[in-house]
């Protein structure tokens, strides 16, 4: 029997190890798996390389993981969101590394990683500082830069509905990086607002096929990052 | 003298052909959606996974999981669709979008754009989707004040700030004029009320074509 449901969010992240590469879904707070991130803070794994579009806001979620000094390096496209205070401070102090990647290149690197494609060529960032030192090649008279696929040890993703096979659907623009991150990790860990019986999700509307998912934990009432930030909450409190 | 921010957005909105798929950047470009003439159907793309972005909702209809690239609350029109980031940037990088409207720090005479970093020490570099948009979208339009707040020319011979892309800007809507950029050079298509060609030239480093 296949059953990817795990009992708790703590159990779901219990093997994330020091030095791991961890993809974390979300675009701003939409799709950010805040409960899984907080359990990763509880676990305390450090020297992490985190792949995520932003760096979180306030002192909760991804920002709190960074503030807790568990992240050695961020790979992201936009590290200064409104309300983002933790990362800029550490970056200016030289205490965290940044690999800045154009957002489409970031998405494609994750997609490629998940699809077993080691590298690809793209016109994005050609003639800019973000292409410095990278291999380029001309195709049909245009210059392209080579970018590598990314694979992770773990992906942490938030979805809307899941079944025990790991089939997933998402809610509106919270989908963002979730589906591609699910494909690109050795172990994909998902928090779902709703758990349903196999067959309850119409096969025509499954967004992430269950084969890409390893663990699903039921988080019925996920916290809203913007509300925690507005209330000036911190994690750990 | 010159156009207001809203008038700049109106000018760009009037140039969008019926049936276009359009990505609007953060800032003045966001205003373009409010000024598309009646009878013209435009589909707005937001890079975080929505085609068919609608207006800002009232407070009662906000959803923290329905936002735009600027992380502001938006709505989805009937007929909208959601998709993941690789599909979203397939639309951008695969040449499927018709128009990208962006802000600028500097635009050069050959259409280079700098809009993501001043390169100053201590600045946190952040690029988002700008480099993908200029590399992949068919028409790249810039809306910007002609001169920066501290009096520096933004239309320059060569960008001093780090580039977003090289030779990719097709048209500039500034508060002083609409300027087309092509192999022939920088051609002034329309001057704002009260702006003379000579004044516009004084505010621009490259030689303009009348």
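In contact with a helix residue (DSSP H, G or I) (Cβ under 6 Å, 6 or more places away or on another chain), outside any loop (DSSP other than H, G, I, E, B) and within 12 Å of chain A (Cβ to nearest Cβ): is that true of residue B:13 in this structure? Break it down stepwise before answering.
Details: in contact with a helix residue (DSSP H, G or I) (Cβ under 6 Å, 6 or more places away or on another chain): yes; outside any loop (DSSP other than H, G, I, E, B): yes; within 12 Å of chain A (Cβ to nearest Cβ): no.
Answer is no for this residue.
Among the residues of the stretch A:137-155, is any in a helix (DSSP H, G or I), without any contact (Cβ under 8 Å) to a residue 12 or more places away in the chain and surrounded by fewer than 21 Cβ atoms within 10 Å (Cβ to Cβ)? Don't jump to the end; show me each part of the working.
Looking only at the stretch A:137-155, we keep the residues that are in a helix (DSSP H, G or I), and these are none.
No.
From (1) at pLDDT below 95; (2) under 16 Å from residue A:149 (Cβ atoms), pick out the condition that doesn't hold for residue A:85.
Unmet condition: (2).
Might you check whether a residue that is at pLDDT below 95, within 12 Å of another protein chain (Cβ to nearest Cβ), at positive phi and surrounded by fewer than 20 Cβ atoms within 10 Å (Cβ to Cβ) occurs anywhere in the stretch A:70-80?
Scanning the stretch A:70-80 turns up no residue that is at pLDDT below 95, within 12 Å of another protein chain (Cβ to nearest Cβ), at positive phi and surrounded by fewer than 20 Cβ atoms within 10 Å (Cβ to Cβ).
Consider the stretch A:88-104. How many of its residues are more than 7 Å from chain B (Cβ to nearest Cβ) and either over 29 Å from residue A:146 (Cβ atoms) or within 16 Å of the chain's Cα centre (by Cα) (or both)?
The initial filter retains those residues of the stretch A:88-104 that are more than 7 Å from chain B (Cβ to nearest Cβ), namely A:89-90, A:93-99, A:101.
Checking which are either over 29 Å from residue A:146 (Cβ atoms) or within 16 Å of the chain's Cα centre (by Cα) (or both) leaves us with A:89-90, A:93, A:95, A:98-99, A:101.
Total satisfying the criteria: 7.
Among what's in the stretch B:122-136 and is assigned to a helix (DSSP H, G or I) and either loosely packed, with under 13 Cβ neighbours inside 10 Å or free of Cβ contacts under 8 Å to residues at least 40 places away in the same chain (or both), pick the residue that is nearest to the other protein chains (Cβ to nearest Cβ).
Taking the stretch B:122-136 first, the residues assigned to a helix (DSSP H, G or I) are B:130-136.
Now drop any that are not either loosely packed, with under 13 Cβ neighbours inside 10 Å or free of Cβ contacts under 8 Å to residues at least 40 places away in the same chain (or both), which leaves B:131, B:134.
Values: B:131: 4, B:134: 8 Å.
Across the stretch B:122-136, the extreme among qualifying residues is B:131.
Identify, please: which residue in the stretch A:205-218 is within 14 Å of chain B (Cβ to nearest Cβ) and surrounded by fewer than 24 Cβ atoms within 10 Å (Cβ to Cβ) and is, among those, nearest to the chain's Cα centre (by Cα)?
Of the residues in the stretch A:205-218, the ones within 14 Å of chain B (Cβ to nearest Cβ) are A:205-209, A:212.
Next, only the ones that are surrounded by fewer than 24 Cβ atoms within 10 Å (Cβ to Cβ) stay: A:205-207, A:209, A:212.
Values: A:205: 22, A:206: 20, A:207: 17, A:209: 18, A:212: 14 Å.
Per the criteria, the residue is A:212.
Which condition number does residue B:80 fail, the rest of (1) touching a helix residue (DSSP H, G or I) at 6+ places or on another chain (Cβ under 6 Å); (2) modelled with pLDDT of 95 or more; (3) not in a loop (DSSP other than H, G, I, E, B) being met?
In the conditions (1) touching a helix residue (DSSP H, G or I) at 6+ places or on another chain (Cβ under 6 Å); (2) modelled with pLDDT of 95 or more; (3) not in a loop (DSSP other than H, G, I, E, B), residue B:80 misses (1) alone.
Given the criterion within 29 Å of residue A:92 (Cβ to Cβ), facing chain A (nearest Cβ under 10 Å) and at pLDDT 95 or above, identify the matching residue among B:112, B:145. It would help to see each step written out before you state the result.
Details: B:145 fails: facing chain A (nearest Cβ under 10 Å).
Exactly one of B:112, B:145 is within 29 Å of residue A:92 (Cβ to Cβ), facing chain A (nearest Cβ under 10 Å) and at pLDDT 95 or above, namely B:112.
I'm trying to understand the selection: among the residues of the stretch B:14-34, which are buried (at least 20 other Cβ atoms within 10 Å of the Cβ) and more than 11 Å from residue B:143 (Cα to Cα)?
Answer for the stretch B:14-34, where residues must be buried (at least 20 other Cβ atoms within 10 Å of the Cβ) and more than 11 Å from residue B:143 (Cα to Cα): B:16, B:22, B:23, B:33.
Of the residues that make up the stretch A:143-151, is at least one out of contact with any strand residue (DSSP E or B) (no Cβ under 9 Å at 6 or more places or on another chain) and closer than 29 Å to residue B:161 by Cα? Write out each step before concluding.
First pass over the stretch A:143-151, keeping only residues out of contact with any strand residue (DSSP E or B) (no Cβ under 9 Å at 6 or more places or on another chain): none.
No - not one qualifying residue is present in the stretch A:143-151.
One line per residue, one yes/no per condition, for (1) under 14 Å from residue A:188 (Cα atoms); (2) surrounded by fewer than 22 Cβ atoms within 10 Å (Cβ to Cβ):
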site	(1), (2)
A:6	yes, yes
A:19	no, yes
A:24	yes, no
A:44	no, yes
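If you check residue A:127 against the conditions, is it outside any helix (DSSP H, G or I), under 15 Å from the mean Cα position of the chain (by Cα) and facing chain B (nearest Cβ under 8 Å)?
Details: outside any helix (DSSP H, G or I): yes; under 15 Å from the mean Cα position of the chain (by Cα): no; facing chain B (nearest Cβ under 8 Å): yes.
So residue A:127 fails the test.
Looking at (1) under 30 Å from residue B:146 (Cα atoms); (2) crowded, with 22+ Cβ neighbours inside 10 Å; (3) touching a strand residue (DSSP E or B) at 6+ places or on another chain (Cβ under 6 Å), find the lone condition where residue B:49 falls short.
It is condition (1) that residue B:49 fails.
Could you check, for the stretch B:107-121, whether at least one of its residues is without any contact (Cβ under 8 Å) to a residue 12 or more places away in the chain, surrounded by fewer than 19 Cβ atoms within 10 Å (Cβ to Cβ), more than 21 Å from residue A:111 (Cα to Cα) and more than 20 Å from the chain's Cα centre (by Cα)? Before the answer, list the steps.
Going through the stretch B:107-121, the residues without any contact (Cβ under 8 Å) to a residue 12 or more places away in the chain turn out to be B:120-121.
With the extra rule that they be surrounded by fewer than 19 Cβ atoms within 10 Å (Cβ to Cβ), the set shrinks to B:120-121.
In the following step, the residues that additionally are more than 21 Å from residue A:111 (Cα to Cα) were identified as B:120-121.
Subsequent filtering for residues that are more than 20 Å from the chain's Cα centre (by Cα) retains B:120-121.
There is at least one residue in the stretch B:107-121 that is without any contact (Cβ under 8 Å) to a residue 12 or more places away in the chain, surrounded by fewer than 19 Cβ atoms within 10 Å (Cβ to Cβ), more than 21 Å from residue A:111 (Cα to Cα) and more than 20 Å from the chain's Cα centre (by Cα).
Residues being out of contact with any helix residue (DSSP H, G or I) (no Cβ under 6 Å at 6 or more places or on another chain) and assigned to a strand (DSSP E or B): count how many of those fall in the stretch B:83-101.
The number of residues fulfilling the criteria is 1.
So residue A:113 clears everything in (1) more than 10 Å from chain B (Cβ to nearest Cβ); (2) surrounded by 17 or more Cβ atoms within 10 Å (Cβ to Cβ); (3) farther than 22 Å from residue A:179 by Cα except one condition, right? Which one?
Result: residue A:113 fails condition (3) only.
So is residue A:45 away from chain B (no Cβ under 13 Å) and assigned to a helix (DSSP H, G or I) or not?
So residue A:45 does not fit the description; no.
Can you tell me which residue within the stretch A:164-193, out of those that are more than 14 Å from every other protein chain (Cβ to nearest Cβ) and surrounded by fewer than 24 Cβ atoms within 10 Å (Cβ to Cβ), is nearest to residue A:32 (Cα to Cα)?
The extreme case among them is A:187.
The values are calculated or read from the model by the stated rules, or taken from the named source; none is laboratory data. Here the structure is a predicted model, which is why all the values come from computation and not from measurement. Reconstructed Cβ throughout: ideal geometry from the backbone, glycine too, with neighbour counts over all protein chains shown.
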